[in-house]
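Novice: I am attaching a structure below and will ask some questions about it afterwards.
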Amino acid sequence: MVRPIAFLAGLGFVFVLLFSLVTGAVAYISEPPAKTVEHEFHLHPKEVSFASDGPLGKFDRQQLQRGFQVYKEVCSACHSLHQVAFRDLKDLGFTDPEVKAIAKNWATEVPSINPETGEPATRKGTPADKIPAPYANEVAARAANNNALPPDLSLMSKARHDGGAYIYSLLTGYQDQPAELLKHFPDAKTPASLHYNPYFANLNLAMPPPLAADGQVTYADGTKSTVDQMAKDVSAFLIWTAEPKLEKRHATGVAVLGFLLIATILAFLSYRNIWAGIKH
């Protein structure tokens, strides 16, 4: 008696599922969901290559230093790098004296405590310090940016799909809203306080174009600082901040693959040697 009841219950469950599937498919075909402005005008990141790409990729130290210069002179006014210490910059090729000078002369001093009064204070940075944030807290950051909170950039290239390509595309993607967009979606006009960028998820963001013109940064190595070059360099730098051990990981991966290949060959030869007499 139990088996027929269980069978009927299962049959009823399958019928409900099939009915839901069919009615849902019919509804989708007869009344497809309306396309959104984001679906129609959002663009995937541009094609761009970096020296660190691929399983054998290595960082271009000169490019990383240029990218750090762009961050220091442009991005650091609003964005923090909580996960990066000044001493980490030695991996970019900076010497110890250079790192000490960068930490000491950083625009924002490191929060501290006055040992005599116990009151909050600030001090000059040292190589051991994390790069200090430009704002004391979230409230101050929002107050200075029309209630928008500038994100920390330490892991940005890992937090966004296509990483460095996304950052590069965003920095070089600012433009006026297309007339076609306003024609089909008149209610999607970019507000006065926002900026249109088709590479951003909802097309409008609070950050104005940070790289506004060629020559905005004067590179120490003499490289011509076009907007495209600055965007590539700071994108490469942010790839490094998110994966500073990338080169070591690549080298370890190659060594492991080589070991596995040799071990596989030895195991196959051992197999042939052990079973040769038995098989023949």
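Novice: Can you list which of the trypsin sites (Lys or Arg not before Pro) found in the stretch 98-153 are DSSP loop residues with at most 15 other C-beta atoms within 10 Å?
Specialist: Lys124
Novice: Suppose R0 equals 45 Å; then what is the FRET efficiency for Asp53 and Asn146 from their Cβ-Cβ distance, rounded to the nearest 0.05?
Specialist: Approximately 0.80, to the nearest 0.05.
Novice: In Å and from the alpha-carbon atoms only, list the Rg and Dmax of the stretch 204-280.
Specialist: When restricted to the Cα atoms of the stretch 204-280, Rg and Dmax are 25.9, 77 Å.
Novice: Hey, in the GNM for the chain with a 10 angstrom Cα cutoff, which one of Pro132, Pro210, Pro115 fluctuates hardest?
Specialist: Among Pro132, Pro210, Pro115, the largest GNM mean-square fluctuation belongs to Pro115.
Novice: Any chance you could list the semi-axes, whole Å, largest first, of the equivalent ellipsoid that the Cα gyration tensor gives for the stretch 70-175, using √(5λ)?
Specialist: Equivalent-ellipsoid dimensions as semi-axes: 27, 20, 11 Å.
Novice: Tell me, what is the percent relative contact order of the stretch 90-165, built from C-alpha pairs under 8 Å that lie six or more residues apart?
Specialist: 19 percent
Novice: Sticking with this structure for a sec: Compute the length gained on full extension between Ala101 and Asn202: take 0.36 nm times their separation in residues and subtract their Cα-Cα distance, giving the result in nm to one decimal.
Specialist: 32.3 nm is the gain from fully extending Ala101 to Asn202.
Novice: Quick check on the chain: helices-only [θ] at 222 nm, where DSSP H runs of length 4 and up contribute -39,500 (n - 2.57) each and the sum goes over total residues. Nearest 500, please.
Specialist: Value at 222 nm, helices only: -15000 deg cm²/dmol.
Novice: Tell me, rounded to the nearest percent, the portion of alpha carbon pairs in the chain spaced more than 36 Å apart.
Specialist: 42 percent
Novice: Of all the Cα-Cα pairs you can form in the stretch 36-82, what percent are over 17 Å apart?
Specialist: Counting pairs separated by more than 17 Å, the tail of P(r) holds 62 percent.
Novice: Oh, and also: With viscosity set to 1.002 mPa s at 20 °C, what whole-number translational diffusion coefficient in µm²/s follows for the stretch 1-137 from Stokes-Einstein and a Kirkwood radius over Cα pairs?
Specialist: Value of D from the Cα-based Kirkwood radius: 100 µm²/s.
Novice: Do you know the relative contact order of the stretch 121-280, to the nearest whole percent, from alpha carbon pairs under 8 angstrom that are 6+ apart?
Specialist: 20 percent.
Novice: Which of the helices in the chain, when you take each full DSSP H run, stretch at least 15 Å along the axis at their Cα atoms and have an average Kyte-Doolittle score of 0.0 or higher?
Specialist: TM-like helix candidates: 2-30, 227-242, 246-279.
Novice: To continue, here is another question. If you roll a 1.4 Å probe over the chain with all protein chains in place, what percent of the accessible area is carbon or sulfur?
Specialist: C and S atoms contribute 62 percent here.
Novice: A follow-up question, please. What whole-number value in Å² describes the accessible area per residue of the stretch 54-134 for a 1.4 Å probe?
Specialist: Per-residue accessible area for the stretch 54-134 comes out at 56 Å².
Novice: Next question, about the same structure. Given +1 on the Cβ of Lys and Arg, -1 on the Cβ of Asp and Glu, and no further charges, what dipole in debye does the stretch 156-280 carry about its Cα centre, rounded to the nearest 20?
Specialist: Using only the charged Cβ atoms, the result is roughly 780 debye.
Novice: Okay, next question. Can you bin every Cα-Cα distance in the stretch 125-226 into 5 Å intervals starting at zero and give me the percent of pairs per bin, rounded to whole numbers?
Specialist: 2, 10, 14, 17, 20, 19, 10, 5, 2, 1, 1
Novice: Let me ask another. Let me know the charge dipole size of the chain about its Cα centre in debye, to the nearest 20, where only the beta-carbon of Lys, Arg (+1) and Asp, Glu (-1) is charged.
Specialist: Dipole magnitude for the chain comes out near 1040 debye.
The values are calculated or read from the model by the stated rules, or taken from the named source; none is laboratory data. The structure presented is a predicted model; accordingly, all values stated were derived computationally and were not measured. When we count neighbours, we look across all protein chains shown, and the Cβ atoms used for this are built from the backbone with ideal geometry, even at glycine. SASA here: full protein model, heavy atoms, side chains in, ligands and nucleic acids out. Shrake-Rupley method; radii C 1.70, N 1.55, O 1.52, S 1.80 Å.
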